[in-house]
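Student: Have a look at this one before I ask anything.
The values are calculated or read from the model by the stated rules, or taken from the named source; none is laboratory data. Model, not experiment: these values are computed from the prediction. Cβ placement follows ideal geometry from the backbone for every residue including glycine, while neighbour counts extend to all protein chains displayed. In case anyone asks, the SASA skips ligands and DNA or RNA and just uses the protein heavy atoms, side chains included. Shrake-Rupley method; radii C 1.70, N 1.55, O 1.52, S 1.80 Å.
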Amino acid sequence: MIITQHQMHQMALLQTMVFVRKIMKHINDKFPEGCSVFGATLKEQEDVILKGLKDAETYGICFEVDFIFYIECLILLGIDFDKKNKSPLWANKILSDVSLNGEEKMNLIHDRILFAAN
């Protein structure tokens, strides 16, 4: 049996959507407002999460737990928290640091959020 490129692409899309739904369930369970902060419709919410996953990849984030925390940061810090010249400025500085891997970046952001709250 030979698996075509098209079939591989379709399987990857399906796997991505399974992960998006897992994140949506997690967000809805963890935050009172849930995914509604990402948009009114399921499609809008999925689109924000997909964009967040793509953005996270550009920062070297590659572990599931770090992807999920990155999406949580969209709620905790704001939808554009990773952008230059957006508050909090420290988030972009951490994410843009090429000397850190994705896990290290998310650990630093986690610590910053945790210790800033105390």
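Student: Out of (1) surrounded by fewer than 18 Cβ atoms within 10 Å (Cβ to Cβ); (2) touching a Pro at 6+ places or on another chain (Cβ under 9 Å), the odd one out for Asp47 is which?
Tutor: Among (1) surrounded by fewer than 18 Cβ atoms within 10 Å (Cβ to Cβ); (2) touching a Pro at 6+ places or on another chain (Cβ under 9 Å), Asp47 violates only (2).
Student: I need the full set of residues from segment 84-97 which are of a type in the set (Lys, Arg) and surrounded by 14 or more Cβ atoms within 10 Å (Cβ to Cβ), in order please.
Tutor: Lys86 - this is the single residue of segment 84-97 that is of a type in the set (Lys, Arg) and surrounded by 14 or more Cβ atoms within 10 Å (Cβ to Cβ).
Student: Mind listing whichever residues of segment 62-79 are assigned to a loop (DSSP other than H, G, I, E, B) and surrounded by fewer than 14 Cβ atoms within 10 Å (Cβ to Cβ)? Outline the logic, then answer.
Tutor: Start the filter on segment 62-79 by keeping residues that are assigned to a loop (DSSP other than H, G, I, E, B), which leaves 62-63, 77-79.
Hits for segment 62-79 are Cys62, Phe63.
Student: Taking segment 51-68 only, how many residues are among the hydrophobic types (A, V, I, L, M, F, W, C) and within 8 Å of the chain's Cα centre (by Cα)? Full working, then the answer.
Tutor: Kept after step one, since they are among the hydrophobic types (A, V, I, L, M, F, W, C), are these residues of segment 51-68: 53, 56, 61-63, 65, 67-68.
Going one step further and asking which of them are within 8 Å of the chain's Cα centre (by Cα), we end up with 53, 56, 67-68.
Total satisfying the criteria: 4.
Student: Tell me, which residue of segment 9-36 that is within 11 Å of Glu72 (Cα to Cα) and in a helix (DSSP H, G or I) is most open to solvent (accessible area, probe 1.4 Å)?
Tutor: Lys30
Student: Can you run down the residue pairs with Cβ atoms below 9 Å, 6 or more apart or on separate chains, where the first is in segment 58-76 and on the phi > 0 side of the Ramachandran plot and the partner is of a type in the set (S, T, N, Q) and outside any helix (DSSP H, G or I)?
Tutor: Gly60/Asn101
Student: Within segment 80-118, can you find the residues that are at pLDDT 95 or above, hydrophobic (A, V, I, L, M, F, W, C) and assigned to a loop (DSSP other than H, G, I, E, B)?
Tutor: Val98, Leu100
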